[in-house]
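The structure under discussion appears below in the form of structure tokens.
The values are calculated or read from the model by the stated rules, or taken from the named source; none is laboratory data. This is a predicted model, so every value here is computed, not measured. Glycine gets a Cβ as well: all are built from the backbone with ideal geometry, and neighbour counts include every protein chain shown. Just the protein is used for accessible areas: all its heavy atoms, side chains included, with ligands, DNA and RNA removed. Shrake-Rupley method; radii C 1.70, N 1.55, O 1.52, S 1.80 Å.
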Amino acid sequence: MSYPHILVITPTAVRYHNGKRLDNLPRVKWSVENQTYPAIVHKVKQDTDRFAATSRNSVIRETNCKFVAYLDDDNWWEPNHLMTLYDNLMRRHCSFAFSGSIIRTWNGTPLMKRIVNRPSKCKIDTNEILHRVELIEKYGGWQSKDNNDWLMVESWLNGGESFASTGFATSNYTLRPSLNIYAKYLIGQMKHA
């Protein structure tokens, strides 16, 4: 079977933790190289803004790929992540698919699994999404704003685009130490869901 190429975009920035420079790119590259999906074009691009919008938009403008996924430099995927997303997107004939995430502390300790059936604010992350490139052409590119992943998905939903949830946590989302308040919010939301 022939598979179309998926563009994977990794915006990267210099990160520090406890005064030590971190290099997460080897883990990111390993994660992409070990996907069971066989046709991947991986582009690593230096962040030029805090929200990685410029990096993502410039790479998307240059691609011939029909599908796009995102992997931030502080996160990683399970080996079946892209294949699961692609299978769901194609089987359900939809515009985008998304997985759940294993939310982890900065040192990798799992806190919880977040799996939802419908995307909503603070319950979907860029690293969980595979979408058709035409959504960017139709709704515009990434914005340099807080919650830019949700703003993008919200525009798709408001436009009536169809979606599929895989029902599996195949993305690993690392909470930065500065996001302790967000971690408490996420855990509180999941307990009340």
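Using a 7 Å offset from the Cα along the Cα-to-Cβ direction at both Cys122 and Arg91, what is the distance between the two label points in nm, to one decimal?
3.2
Enumerate the amide H contacts of Ile40 below 5 Å, restricted to partners 5 or more residues apart or on another chain; note that Pro and chain-start residues carry no placed amide H.
Amide H neighbours of Ile40: Ile6.
Tell me, what % of the accessible area of segment 120-160 is carbon and sulfur with a 1.4 angstrom probe?
Within segment 120-160, the accessible surface is 39 percent carbon and sulfur.
So how much slack lies between Ser2 and Leu25, counting 0.36 nm per residue of separation and subtracting their Cα-Cα distance, in nm?
Between Ser2 and Leu25, full extension yields an extra 5.4 nm.
Could I have the simple spin-label model distance between Lys66 and Thr109, label points 7 Å from Cα toward Cβ, reported in nm to one decimal?
4.5
Could you work out how much longer the chain between Ala39 and Val133 gets when fully extended? Use 0.36 nm per residue separation minus the Cα distance between them, nm to one decimal.
32.3 nm is the gain from fully extending Ala39 to Val133.
Provide the convex hull volume over Cα atoms per residue for segment 83-151, in Å³.
Measuring per residue, one finds 113 Å³ for the Cα hull of segment 83-151.
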